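K.L.:
First the structure, which I've put down as structure tokens, then a few questions once you've had a look.
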């Protein structure tokens, strides 16, 4: 059976982006929902397998070398991108947790992206991204007030709620 290049590209696309989406949902829901830890670990693992599969297929298609370093980089990039996506989606549900995900995700994605694609990584730029990431974490943990948020979009109570009585 000969699969067209378009179908191969679609499969790669689906694996990569569905993988990141599952990782993002899992990492953020572990910290913002009170139940389902096992479910999110399983979904995270499925997402990671999909992301690695998509990247490996793409690398083979492009004639790139696949080794342990490559697998570690795409794993790191997968989680960092998932941290960013999940942190953005659930920021108002739990700013301190989501902000920490955002800060780690931004710095991790920046570094792993440049290393993976063999682009020169300038320490000045890494320092700027690191400072911005630290600001996000600081702002989210010390300026945003988790107690003002009430219910999250899943209909469950946030981290803490205000007593209106």
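K.L.:
Using Cα-Cα distances under 8 Å and only pairs 6 or more residues apart, what relative contact order does the range 5-148 have, in percent?
P.N.:
23 percent
K.L.:
A further question follows. So what's the chain giving for Rg/Rh, alpha carbon basis, Kirkwood Rh from the mean inverse pair distance?
P.N.:
1.06
K.L.:
Further question on the same structure: Counting other C-beta atoms within 10 Å, which of 90, 29, 118 has the fewest, and how do the rest follow?
P.N.:
Placing the least packed residue first, the sequence is 118, 29, 90.
K.L.:
Quick check on the exposure proxy: order 144, 1, 44 from fewest to most C-beta atoms within 10 angstrom.
P.N.:
So the ranking, lowest neighbour count to highest, is 1, 144, 44.
K.L.:
Using only Cα atoms and rounding to the nearest 10 degrees, what angle (0 to 90) does helix 37-61 make with the longest principal axis of the chain?
P.N.:
Approximately 30 degrees, to the nearest ten.
Every read-out reported here was derived from the displayed coordinates using simple, explicitly stated rules and does not represent laboratory data. From a predicted model like this one, the values you see are computed outputs, not experimental measurements. Heads up, the Cβs are rebuilt from the backbone with ideal geometry, glycines too, and the neighbour counts pull from every protein chain shown.
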